[in-house]
Amino acid sequence: MTGREFIKAIFFVEILKGLALTLKSMFTPAVTRRYPKVKRPVKPGFRGLHALAKDEDGRMKCVGCGLCGAYCPSKCIYIYTSDGEDHTKVVDRYEIDVLRCIYCGFCVEACPFGAITLSEHYEYSDYSREPFYMTKEKLLSNWDKYFAGEKGENYFKKFWRPLSEDFRTPEGQAMFKGIKNEK
Ligand code: SF4
Ligand code: SF4
């Protein structure tokens with residue numbers, strides 16, 4: 001043992017250094033959080049649990065075109081439709097296997113009607129697979145739970161492009177008006 005090491009050992013230098021570090025850390029802000037007691041605020045545009053949007057009258061916006069399913073890289077969206085009255089399409093089933101989703105957001109971007117959304121809700125762990133298979137009813141109720149009021153109205157305006165109104169015919173564009181039968 002050298003003289004320097006001997007002095008360090010006598011005066012407990014290393015222990016004092018450790019105590020000083022502990023004391024210092026007691027007065028600096030913690031970098032860890034006690035989840036779930038302390039939660040980080042979710043940033044705008046967070047991609048959480050899916051929801052099917054409703055319009056002002058409470059009707060489902062989805063028309064069953066299937067674009068979201070076609071774009072989904074995980075192929076976890078299943079849509080079943082049938083023919084309704086007046087050549088309308090009825091969405092009988094709209095299902096998402098959430099466990100296969102990679103939260104890319106392509107479905108939201110692909111939808112021309114702003115019908116599928118990703119909410120800010122992320123706390124939905126469970127012990128079985130069944131709750132993660134989202135049916136149309138569950139997805140619609142997610143809209144009521146996580147997009148009530150202004151939140152739902154602002155969702156697309158703030159975070160997603162193109163907006164459904166971007167698909168409207170531009171002002172002044174020549175339009176086919178029909179042929180007049182002039183005799
Ligand atoms: S977020 Fe991506 S992976 Fe998930 S359902 Fe939508 S398109 Fe599919
Ligand atoms: S959510 Fe949108 S893209 Fe998907 S089927 Fe419905 S209307 Fe079409």
Notebook entry, point to check: When residue 74 is evaluated against the numbered criteria (1) among the hydroxyl-bearing types (Ser, Thr, Tyr); (2) in a loop (DSSP other than H, G, I, E, B); (3) touching a residue at least 40 places away in the same chain (Cβ under 8 Å), which criterion, by number, is the only one it fails?
Noted result: (3)
Check: Can you name the residue in segment 123-134 that is exposed (fewer than 14 other Cβ atoms within 10 Å of the Cβ) and in contact (Cβ under 8 Å) with a residue 12 or more places away in the chain and, of all such residues, is nearest to residue 78 (Cα to Cα)?
Finding: 129
Next item on the list: Determine whether residue 117 is assigned to a strand (DSSP E or B), within 15 Å of ligand 2 (Cβ to nearest atom) and modelled with pLDDT under 95.
Entry: yes
Check: Quick one: would you say residue 22 is in contact with an Asp or Glu (Cβ under 8 Å, 6 or more places away or on another chain), among the β-branched types (Val, Ile, Thr) and at pLDDT 90 or above?
Finding: no
Checklist line | Single match in 45, 18, 3 (criterion: within 16 Å of ligand 1 (Cβ to nearest atom) and either over 16 Å from the mean Cα position of the chain (by Cα) or farther than 22 Å from residue 129 by Cα (or both)) | finding: 45
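The values are calculated or read from the model by the stated rules, or taken from the named source; none is laboratory data. Note that the coordinates shown come from a computational prediction; the quantities given were computed from them, not determined experimentally. Glycine gets a Cβ as well: all are built from the backbone with ideal geometry, and neighbour counts include every protein chain shown.
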